1. What order, most packed first, do the peptides 66-72, 106-112 have when packing is the mean number of other Cβ atoms within 10 Å of each residue?
2. Per residue, how much accessible surface does the chain expose to a 1.4 Å probe? Answer in Å², no decimals.
3. With a 10 Å cut-off between alpha carbons and a GNM built on the chain, which of 41, 18, 73 moves the most?
4. With each run of n ≥ 4 DSSP H residues scored as -39500 (n - 2.57), what mean residue ellipticity at 222 nm is computed for the chain after dividing by its residue count and rounding to the nearest 500 deg cm²/dmol?
5. If you roll a 1.4 Å probe over the chain with all protein chains in place, what percent of the accessible area is carbon or sulfur?
6. Taking the Cα atoms only, what angle lies between the long axis of helix 3-15 and the longest principal axis of the chain, rounded to 10 degrees?
7. Ranking request for peptides 4-13, 75-84: highest mean number of other beta-carbon atoms within 10 Å first, then the rest in descending order.
8. At a Förster radius of 41 Å, what calculated FRET efficiency corresponds to the Cβ-Cβ distance of residue 86 and residue 55, to the nearest 0.05?
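The values are calculated or read from the model by the stated rules, or taken from the named source; none is laboratory data. These numbers were taken from a predicted model, which means no experiment stands behind them. Every residue, glycine among them, receives a Cβ derived from its backbone with ideal geometry; neighbour counts consider all protein chains shown. These area figures cover heavy atoms from the full protein model, side chains too; ligands, DNA and RNA do not enter into them. Shrake-Rupley method; radii C 1.70, N 1.55, O 1.52, S 1.80 Å.
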Amino acid sequence: MEREEFDHLVEQALADVPTELAALVENCVIVVEDDAPAEEPGLLGFYDGVPLTERDTGYGGVLPDRIVVFMNPTLAICETREDVVEEVTITVVHEIAHHFGIDDDRLHELGWA
């Protein structure tokens with residue numbers, strides 16, 4: 001799969017997030033990178049920032065949070081385009097959940113890990 005198509009799948013996953021939730025995402029960008037960090041080569045995505053649940057009146061003047069989706073590790077674990085679509089959706093939802101302060105344990109319980 002080419003990068004342009006993968007980018008489109010990430011955009012589609014974002015477009016599928018319910019409008020009510022998407023409207024609550026604040027100061028956050030979503031990017032695609034080819035490879036995960038060398039120390040975690042199988043990582044499909046990560047959230048880097050201050051979750052909404054931890055922001056207070058002192059929060060301001062900071063760079064946007066980042067949600068990163070890694071293309072090559074995702075493609076490596078998927079056999080079909082449909083697998084990629086599903087995995088990208090799971091990754092995007094998982095990382096947006098971290099932005100809302102939901103931890104990995106709860107995401108596992110909900111089936112989004």
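1. Working: 66-72: 20.6, 106-112: 12.4.
Top of the packing list down: 66-72, 106-112.
2. Values: 6910 Å² over 113 residues.
Value returned for the chain: 61 Å² of accessible area per residue.
3. Checking each option, the largest mean-square fluctuation is seen for 18.
4. -13000 deg cm²/dmol
5. Working: 3540 of 6910 Å².
After summing per-atom areas, the C and S share lands at 51 percent.
6. Orientation of helix 3-15: about 40 degrees from the principal axis.
7. 4-13, 75-84
8. Values: r = 31 Å, r/R0 = 0.76.
Given R0 = 41 Å and the Cβ-Cβ separation, E is 0.85.
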